[in-house]
Amino acid sequence: MAKKGNRIQVILECTEHKASGVPGTSRYITTKNKKNTPDRLEIKKFNPILKKVTVHKEIK
């Protein structure tokens, strides 16, 4: 049986990486409860290419 509920899978992408001009992207996959957080997520995560913690935003 499939799981029921409001939890959906989202992709987080680094915001600072695009502006830096360095090739590649830093992306993370996570889940969120759409009922509790209808707006887009912004979480600080580690960017292995830039080797520092940066803000990652949810993309479509």
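The values are calculated or read from the model by the stated rules, or taken from the named source; none is laboratory data. Please read these numbers as outputs of a predicted model, since none were measured by experiment. Methodologically, a virtual Cβ is constructed for each residue, glycine included, from the backbone with ideal geometry; neighbour enumeration extends over all protein chains shown.
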Matching residues, segment 44-60, being touching an Asp or Glu at 6+ places or on another chain (Cβ under 9 Å), surrounded by 12 or more Cβ atoms within 10 Å (Cβ to Cβ) and not hydroxyl-bearing (Ser, Thr, Tyr): Asn47, Leu50, Val55, His56, Lys57, Glu58
Residue under evaluation Cys14, criteria (1) over 14 Å from the mean Cα position of the chain (by Cα); (2) surrounded by 11 or more Cβ atoms within 10 Å (Cβ to Cβ), criterion not met: (1)
Segment 11-29, residues that are modelled with pLDDT of 95 or more and either in a loop (DSSP other than H, G, I, E, B) or of a type in the set (Val, Ile, Thr) (or both): Ile11, Ile29
